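Worksheet: the structure to be examined is printed underneath.
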Amino acid sequence: MEAKLTAQLRSGYHCNSNTPSDDYLIPLRLTWTAAPLEVAGVVYPKPEMEKYSFSDKPLSVYTGDFDILTKFKVPASAPVGPAVISAKLRYQACTDRMCLPPKTVDVTVPVEIVK
Amino acid sequence: MTKLIFRSAAVFLALGGIVFTGCSRVSSPRTTVKADKDRHQAPDFALKDVDGKTVKLSDLRGDVVLLNFWATWCSPCQIEIPWFVDFQQQYKDRKFAVVGVSLDDDGWTSVKPYLEKRKINYRVVVGTEETSQLYGGIDALPTTFLIDRSGRIAQVHTGLVSKSEYQDEIVKLLDSKDAGSAPEPVTSSRLVSAGSPALLFAR
């Protein structure tokens with residue numbers, strides 16, 4: 001079972017991918033609090049390598065719309081019924097001239113566990 | 001067998017800055033410093049440098065000050081920092097000082113190794129949310145203020161500008177007849193940003 005989170009960056013902005021080009025860059029990261037479910041894996045999209053005027057080398061970034069897929073497992077012990085799972089998406093966006101502070105966005109997803 | 005039903009299988013988020021609407025905050029090319037009548041007192045602060053010594057902005061009254069808000073994760077900031085090192089060296093005998101204010105959330109944990117790696121010859125402090133709010137709320141980095149000898153803000157740049165633009169403005173302020181005067185009679189000073197650095201005013 002999987003959930004798709006669609007993010008849309010405003011035109012002119014990029015954010016670092018989950019694997020940025022340098023250690024000092026803040027990566028995009030989706031972190032779930034998924035109980036009673038278990039996260040089987042988070043699949044980030046393939047980043048673009050873009051060159052900006054402020055960087056000597058291309059940066060690993062996302063622009064525009066992109067999807068992050070999360071695969072879940074339902075443990076046998078998971079109680080039947082409604083539940084809410086949540087996540088935090090941390091990202092840091094820049095234009096070609098300036099950067100905004102890192103930001104964390106809360107995500108909540110209602111689910112229902114059925115037999 | 002248990003199954004999972006997502007009430008909403010896809011979650012949509014809109015990311016990215018919504019800061020820059022309406023008027024652009026980008027400095028126009030070849031801008032000059034503000035006229036005397038348009039300059040307002042730079043809010044004072046006292047923050048510690050990497051050696052634990054206090055850097056108080058008002059102690060630099062009489063100097064031309066380049067006050068740079070930056071962070072280790074800000075790539076455009078990395079371009080400017082070597083320029084500021086050059087300026088500090090070039091103008092150190094003309095009563096000029098660069099002060100870097102890092103807005104890294106984890107403070108010296110990130111900033112100290114950064115400073116050790118680079119030969120930064122000016123004072124760097126770690127700023128707080130309060131520092132940011134004193135200057136109208138620093139929405140984007142780099143944001144750099146040029147402060148005249150009387151402690152007044154003569155120019156603000158949000159985002160990367162050219163080295164020559166900074167240099168022109170610094171020289172204008174260094175060459176100015178302003179020898180540094182007593183501060184304006186205000187008991188407190190806080191800049192209010194109306195979305196554009198050109199509209200900063202003290203209250």
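We did not get these values from a lab; they are worked out from the coordinates using the rules stated. The model shown is predicted, which means the values in this text are computed figures rather than measured ones. Please note: Cβ atoms are built from the backbone with ideal geometry, for glycine as well, and neighbour counts cover all protein chains shown.
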- Can you list the lysines whose alpha carbon is less than 18 Å from that of B:Lys163, not counting same-chain residues fewer than 8 positions off? B:Lys92, B:Lys172
- segment B:63-90 residues near the modelled B:Lys163 label - backbone nitrogen below 12 Å, point 7 Å along Cα→Cβ: B:79-88, B:90
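Just checking the output field for B:75-81: average partner chain Cβ neighbours within 10 Å of each residue's Cβ? Show your work: numbers first, answer last.
Details: counts 16, 10, 3, 5, 5, 1, 0.
That average works out to 6.
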- Message: Longer than 27 Å from Cα to Cα, which of A:Lys46/B:Lys119; A:Lys71/A:Lys103; B:Lys56/B:Lys177 are they? Say none if no pair is.
- Response: A:Lys46/B:Lys119
- Inter-chain shielding metric for A:91-97, i.e. average beta-carbon neighbours from other chains within 10 angstrom, reads 6
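Could you compute Rg(Cα) / (2.2 N^0.38 Å) for segment B:62-177, with N its residue count? Don't skip to the answer; put the middle values down first.
Working: Rg = 13.5 Å, N = 116, 2.2 N^0.38 = 13.4 Å.
It is 1.00.
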- Per residue of A:1-14, what is the mean number of Cβ atoms on other protein chains within 10 angstrom of that residue's Cβ? 4
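Could you quote the convex hull projected area for segment A:2-113, Cα atoms only and averaged over all directions, in nm²?
Values: hull surface 29.0 nm².
Orientation-averaged projected area of the Cα hull: 7.2 nm².
Just to confirm a number: summing +1 for Lys and Arg and -1 for Asp and Glu over residues other than A:Glu38 whose beta-carbon lies under 14 angstrom from that of A:Glu38, what do you get?
Numbers: positive: A:Lys71, A:Lys73; negative: A:Glu2.
Once positives and negatives cancel, what remains is +1.
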- Query: Under 14 Å Cα-Cα from A:Lys73, which aspartates and glutamates qualify once same-chain neighbours fewer than 8 residues away are excluded?
  - Reply: A:Glu2, A:Glu38, A:Glu112
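Work through the residues other than A:Pro79 whose Cβ is under 12 Å from its Cβ and net out their charges, Lys, Arg +1 and Asp, Glu -1. Walk me through the intermediate numbers first.
Working: positive: A:Lys115; negative: A:Glu112.
Surrounding charge for A:Pro79 is 0.
Using a Förster distance of 25 angstrom, determine the FRET efficiency expected from the C-beta separation of A:Lys51 and A:Ser86, and round it to 0.05.
Once rounded, the FRET efficiency stands at 0.10.
Are there any GluC sites (Glu not before Pro) in segment A:45-115 that are in a DSSP loop and have at most 13 other Cβ atoms within 10 Å? List them by number.
Working: sites: A:Glu48, A:Glu50, A:Glu112; in loops: none.
For GluC sites (Glu not before Pro) across segment A:45-115 that sit outside H, G, I, E and B with at most 13 neighbouring Cβ atoms in 10 Å, the list is empty.
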- Go through chain A and flag any cysteine with no other cysteine's C-beta closer than 4.7 Å, please. A:Cys15
- Message: Roughly how far apart, in whole Å, are the Cα centres of segment B:59-85 and segment B:122-136?
- Response: 12 Å
